[in-house]
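A short worksheet on the structure shown next.
The values are calculated or read from the model by the stated rules, or taken from the named source; none is laboratory data. All values derive from a computational prediction rather than experimental measurement. When we count neighbours, we look across all protein chains shown, and the Cβ atoms used for this are built from the backbone with ideal geometry, even at glycine. Quick note on the areas: whole protein, heavy atoms, side chains included, nothing else; ligands and nucleic acids left out. Shrake-Rupley method; radii C 1.70, N 1.55, O 1.52, S 1.80 Å.
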Amino acid sequence: MKKLFLLLLTVLSVTLCASAQTRTVTGTVVDAETDEPIIGAAVTDQAGKGVNTDIDGNFSIVLPESVTKLTVSSVGYNPMEVKIKGGKMEIRLTPSATALDEVIAVAYGTAKKSAFTGSATVIKSTEIE
């Protein structure tokens with residue numbers, strides 16, 4: 001009976017130690033200029049484990065205690081590295097100054113760049129694969 005009690009106590013203490021080594025980090029990612037939530041922003045740790053924000057810009061991620069920084073990025077915004085703080089975090093991403101160009105895809109024939117009023121480029125099939 002004494003051995004069974006010691007075994008149970010050992011298993012319980014190992015379980016408590018293992019659960020104490022992780023923490024849940026929650027927060028919201030918003031646009032720094034408009035305060036609007038950013039949908040689908042990637043929130044990752046240094047090891048590459050990550051989550052995406054929901055429709056309200058909220059995220060929740062379980063991380064080891066050793067992780068101290070998060071990297072937050074989204075299309076059209078400058079990526080940002082932030083220190084993990086206690087409580088709910090608010091991360092404000094600044095919009096990127098670069099604008100995306102329109103893309104024209106021609107799947108057959110030949111055409112000159114001068115025939116288009118916008119910009120055009122050639123992409124090989126190996127790059128698409």
Being open to solvent by less than 40 Å² (accessible area, probe 1.4 Å) and either β-branched (Val, Ile, Thr) or out of contact with any strand residue (DSSP E or B) (no Cβ under 6 Å at 6 or more places or on another chain) (or both) is true for just one of Val62, Val67, Val11. Which residue is that? Val67
So Ile39 clears everything in (1) in contact (Cβ under 8 Å) with a residue 24 or more places away in the chain; (2) surrounded by 13 or more Cβ atoms within 10 Å (Cβ to Cβ); (3) under 28 Å from Pro95 (Cα atoms) except one condition, right? Which one? (1)
Could you list all residues from segment 42-59 that are crowded, with 16+ Cβ neighbours inside 10 Å and under 11 Å from Thr28 (Cα atoms)? Val43, Thr53, Gly57, Phe59
